[in-house]
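Colleague: A single structure is presented below for examination.
The values are calculated or read from the model by the stated rules, or taken from the named source; none is laboratory data. Since this is a predicted model, take the numbers as computed values, not measurements. Using ideal geometry, Cβ is built from the backbone for each residue, glycine included, and neighbour counts are taken over all protein chains shown.
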Amino acid sequence: MGKTKVVTLLSTAILLLAACGNDEKASSEEKETKPKIEETSTEEKAEEKAEEKAEEKAEEKEEENTETTGELNPFIAEETEGNVEVIYTNKEPNYAHDLDGFKVSVDEYQIVKVTDMNTDYNIAFDDQTEGYVITTKVTINNTTDKPMYYTNFHKIQLSSNLDYIQNNGRKLVPEDQQIAKIKENKDQISLFEAGETVTGLMTFILTNEEFEKLKTVSPKYIIEGGVADNDQFKNSNHQHSDAFIFVFEDNETGNQTTSNFLQDRLTTDNMADKEMIFEETGIKDTKNIDKVEIQVDTVQYTEIEPSEVSKPRFENFGDNGIVALTVKLNIDNQSNESLRLSGLGTKLNVDENRAIVLSEGMVEPRELESIAPGEKGEKLHVFLFRKDEFELYKKIDMEFGPFTGEDGKDLFKGKSATFTLPK
């Protein structure tokens, strides 16, 4: 019995010692393992921080490069593999066009010269390895309550309405800046959803010769019309913007437009430069022909200097200078007839029949062809005088009308309205 108890006690002690030993070993292993886990975690964090720093440096470098080059469109250098030099940047051109709530604006533009480009781009630059690219930052804002279709054509006009450089929405523009690819509806290239606003880039590509030509004319930037509520562009609004002065050199005055002049074709088509002689606005002299209200709003007398290309058109006015009279009229058509605005027989009666001067249709705007019943519109009439004769005139009466219908026949029994114009 005594022996058995001793053996049992010894066995129990050995088991307890073994258990304690195992516990100590496990505890020791845990202590050894824990620092290793902490070590691994610290290494991962160090790597993550290193990666973050590398990314930050890359972003900083990219921003630094952009600030250094000052390029609005770095894609030009990437795509052409050429050397790009910034020639001129206009951050506030103030070019805007409102087509009855469909608004288009040029927020910024930049001119760069590209040299030593990849020969793949020779065709775009008339088989030359250098040329110029104008990038415009354009915003389209459809503030109407319905989808609208718009062609988004812009042009830089040179010597005449037939001599211009057209915009391009894709060439040398990255895909994530192409308006057709970033607007809401990407299936229909011309469709802009109701309430949509989108901003992207467009380009104009010029040869060396075309850029040099800018220096010999008075270039204008024009935002074209062509907006409609249907994909067939029926009854579309073709009214283009003012002919904005296109500044292309630092020594020119920026933020300037031609909007101080009424937008007849002398101005918009670069037919002539103008110098103001006399202007009167807000005249509001109103007359009626049947149920049509005609109001003289503004008159401008300007001395004009025809461009080289347009000089042959003005040969009959002699060499002593030419004066243009542009009259802005507001028309409210409350009749049941559609009124044609071309072919009006409007004329001036000078000093009680001393002279009769007909309006010059060739220099009047053509975008608004007619005014439908219940609609309003604007008409610009232009009259030209020899300067030496104009200086002798005392009184000018304008006999407006008569209106004609779509069939060309006189409306309202051939009646006209007479206004005495300020001079």
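Colleague: For segment 363-372, name all the residues that are within 16 Å of LEU262 (Cβ to Cβ) and outside any loop (DSSP other than H, G, I, E, B).
Modeller: As a first pass, look at segment 363-372 and keep what is within 16 Å of LEU262 (Cβ to Cβ): 363-368.
Once the filter is applied, which keeps residues that are within 16 Å of LEU262 (Cβ to Cβ) and outside any loop (DSSP other than H, G, I, E, B), segment 363-372 yields only VAL363.
Colleague: Which of (1) closer than 15 Å to LEU384 by Cβ; (2) under 30 Å from the mean Cα position of the chain (by Cα); (3) assigned to a strand (DSSP E or B) is the odd one out, the single condition LEU266 does not satisfy?
Modeller: For LEU266, the exception is condition (3).
Colleague: Tell me the residue from GLU224, GLU212 that is buried (at least 18 other Cβ atoms within 10 Å of the Cβ), in the same structural domain as THR115 (by TED's automatic domain parsing) and either of a type in the set (Ser, Thr, Tyr) or modelled with pLDDT of 90 or more (or both), please. Step through it out loud before you land on a result.
Modeller: Numbers: GLU212 fails: buried (at least 18 other Cβ atoms within 10 Å of the Cβ).
So the residue among GLU224, GLU212 that is buried (at least 18 other Cβ atoms within 10 Å of the Cβ), in the same structural domain as THR115 (by TED's automatic domain parsing) and either of a type in the set (Ser, Thr, Tyr) or modelled with pLDDT of 90 or more (or both) is GLU224.
Colleague: Kindly provide the set of residues from segment 337-351 that are in a loop (DSSP other than H, G, I, E, B) and at pLDDT 95 or above, ordered by number. Talk me through it step by step, then tell me what you get.
Modeller: Within segment 337-351, the subset in a loop (DSSP other than H, G, I, E, B) is 337-338, 341-346, 351.
Residues satisfying the conditions are THR346, ASP351.
Colleague: Moving to a separate point now. Residue by residue through segment 90-138, note down the ones that are among the hydroxyl-bearing types (Ser, Thr, Tyr) and either modelled with pLDDT under 95 or buried (at least 16 other Cβ atoms within 10 Å of the Cβ) (or both). Please lay out each step first, then the result.
Modeller: Filtering segment 90-138 for residues among the hydroxyl-bearing types (Ser, Thr, Tyr) gives 95, 105, 109, 115, 119, 121, 129, 132, 135-136.
Those that are among the hydroxyl-bearing types (Ser, Thr, Tyr) and either modelled with pLDDT under 95 or buried (at least 16 other Cβ atoms within 10 Å of the Cβ) (or both): TYR95, SER105, TYR109, THR119, TYR121, THR129, TYR132, THR135, THR136.
Colleague: Based on what the data block shows, is LYS181 touching a helix residue (DSSP H, G or I) at 6+ places or on another chain (Cβ under 8 Å) and closer than 15 Å to TYR150 by Cα? Spell out the reasoning first.
Modeller: Numbers: touching a helix residue (DSSP H, G or I) at 6+ places or on another chain (Cβ under 8 Å): yes; closer than 15 Å to TYR150 by Cα: yes.
Yes, satisfied.
Colleague: Quick check on my filter: what residues within segment 92-147 are assigned to a strand (DSSP E or B) and in contact with a Gly (Cβ under 7 Å, 6 or more places away or on another chain)?
Modeller: Just the residues of segment 92-147 that are assigned to a strand (DSSP E or B), to begin with: 95-99, 102-115, 131-142.
Within segment 92-147, LEU99, VAL114, THR115, VAL138, ASN142 qualify.
Colleague: Return the residues of segment 78-87 that are out of contact with any Pro (no Cβ under 9 Å at 6 or more places or on another chain) and either surrounded by 18 or more Cβ atoms within 10 Å (Cβ to Cβ) or at pLDDT below 95 (or both); say none if nothing qualifies. Can you show your working first?
Modeller: Pass one, segment 78-87, residues out of contact with any Pro (no Cβ under 9 Å at 6 or more places or on another chain): 80-83, 85-87.
Residues satisfying the conditions are THR80, GLY82.
Colleague: Among the candidates GLY408, GLY377, which residue alone is in a loop (DSSP other than H, G, I, E, B), of a type outside the set (Asp, Glu) and either within 39 Å of the chain's Cα centre (by Cα) or modelled with pLDDT of 95 or more (or both)? Walk me through it before giving the result.
Modeller: Working: GLY377 fails: in a loop (DSSP other than H, G, I, E, B).
Answer to the check: GLY408.
Colleague: Also, I was wondering about something else. Any residue at all in segment 160-170 that's among the aliphatic types (A, V, I, L, M), outside any helix (DSSP H, G or I) and closer than 20 Å to VAL112 by Cα? First the steps, then the outcome.
Modeller: Initial filter on segment 160-170 (among the aliphatic types (A, V, I, L, M)): 162, 165.
Next, from what is left, pick out any that are outside any helix (DSSP H, G or I): 162, 165.
Imposing the further condition that a residue be closer than 20 Å to VAL112 by Cα reduces the set to 165.
For segment 160-170, residues among the aliphatic types (A, V, I, L, M), outside any helix (DSSP H, G or I) and closer than 20 Å to VAL112 by Cα: present.
Colleague: Assuming MET117 fulfils every condition listed in (1) within 28 Å of PHE233 (Cα to Cα); (2) over 15 Å from the mean Cα position of the chain (by Cα) apart from one, which condition is it?
Modeller: With respect to (1) within 28 Å of PHE233 (Cα to Cα); (2) over 15 Å from the mean Cα position of the chain (by Cα), MET117 is out only on (1).
Colleague: Give the residues of segment 366-400 that are surrounded by 19 or more Cβ atoms within 10 Å (Cβ to Cβ) and within 19 Å of GLY345 (Cα to Cα), sorted by residue number. Even if it seems obvious, please write down each step before you answer.
Modeller: Within segment 366-400, the subset surrounded by 19 or more Cβ atoms within 10 Å (Cβ to Cβ) is 371, 379-385, 390, 396, 398, 400.
Residues satisfying the conditions are ILE371, LYS379, LEU380, HIS381, VAL382, PHE383, LEU384, PHE385, ILE396, MET398, PHE400.
This table checks each residue for (1) over 34 Å from the mean Cα position of the chain (by Cα); (2) at pLDDT 95 or above; (3) among the charged types (D, E, K, R).
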{"position": "THR281", "(1), (2), (3)": "no, yes, no"}
{"position": "VAL292", "(1), (2), (3)": "yes, yes, no"}
{"position": "GLN300", "(1), (2), (3)": "no, yes, no"}
{"position": "VAL309", "(1), (2), (3)": "no, no, no"}
{"position": "ASN320", "(1), (2), (3)": "yes, no, no"}
{"position": "VAL323", "(1), (2), (3)": "no, yes, no"}
{"position": "GLN334", "(1), (2), (3)": "yes, yes, no"}
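Colleague: Continuing with this model, one more query. Working only within segment 139-174, note down all residues that are aliphatic (A, V, I, L, M), farther than 18 Å from GLU193 by Cβ and surrounded by 19 or more Cβ atoms within 10 Å (Cβ to Cβ). Let's see the steps before the verdict.
Modeller: So in segment 139-174, the residues aliphatic (A, V, I, L, M) come out as 140, 148, 156, 158, 162, 165, 172-173.
Narrowing the set further to residues that are farther than 18 Å from GLU193 by Cβ leaves 156, 158, 162, 165, 172-173.
Correct list: ILE156, LEU158, ILE165, LEU172, VAL173.
Colleague: Quick one: which residue in MET271, MET276 is among the hydrophobic types (A, V, I, L, M, F, W, C) and surrounded by fewer than 17 Cβ atoms within 10 Å (Cβ to Cβ)? Talk me through it step by step, then tell me what you get.
Modeller: Values: MET271 fails: surrounded by fewer than 17 Cβ atoms within 10 Å (Cβ to Cβ).
After ruling out the rest, the residue left standing is MET276.
Colleague: Of the residues LEU172, LEU191, LEU162, LEU158, which single one is at pLDDT below 95, more than 21 Å from ALA96 (Cβ to Cβ) and in contact with a strand residue (DSSP E or B) (Cβ under 7 Å, 6 or more places away or on another chain)?
Modeller: Values: LEU172 fails: at pLDDT below 95; LEU191 fails: at pLDDT below 95; LEU162 fails: in contact with a strand residue (DSSP E or B) (Cβ under 7 Å, 6 or more places away or on another chain).
Answer to the check: LEU158.
Colleague: Determine which single condition VAL296 fails, assuming it passes every other condition in (1) outside any strand (DSSP E or B); (2) touching an Asp or Glu at 6+ places or on another chain (Cβ under 9 Å).
Modeller: Answer for VAL296: the failing condition is (1).
Colleague: Conditions first: (1) at negative phi; (2) outside any helix (DSSP H, G or I); (3) not small (Gly, Ala, Ser). ASN235 passes all but one, so which condition is the exception?
Modeller: Failed condition: (1).
Colleague: OK, next. Given (1) closer than 17 Å to LEU266 by Cα; (2) in contact with a helix residue (DSSP H, G or I) (Cβ under 8 Å, 6 or more places away or on another chain); (3) outside any helix (DSSP H, G or I), identify the lone condition not met by LYS328.
Modeller: (2)
Colleague: Something else: Go through segment 299-316 residue by residue and tally those that are without any contact (Cβ under 8 Å) to a residue 40 or more places away in the chain, part of a strand (DSSP E or B) and surrounded by fewer than 17 Cβ atoms within 10 Å (Cβ to Cβ).
Modeller: Result for segment 299-316: 1.
Colleague: Quick one: in segment 184-218, which of the residues that are touching a helix residue (DSSP H, G or I) at 6+ places or on another chain (Cβ under 7 Å) and in contact (Cβ under 8 Å) with a residue 60 or more places away in the chain is farthest from THR143 (Cα to Cα)? Can you show your working first?
Modeller: First, the residues of segment 184-218 that are touching a helix residue (DSSP H, G or I) at 6+ places or on another chain (Cβ under 7 Å): 189, 198, 200-201, 205, 207.
Then keep just the ones that are in contact (Cβ under 8 Å) with a residue 60 or more places away in the chain; that gives 200-201, 205, 207.
On the way: GLY200: 18, LEU201: 20, ILE205: 31, THR207: 37 Å.
Looking at residues that are touching a helix residue (DSSP H, G or I) at 6+ places or on another chain (Cβ under 7 Å) and in contact (Cβ under 8 Å) with a residue 60 or more places away in the chain, I get THR207.
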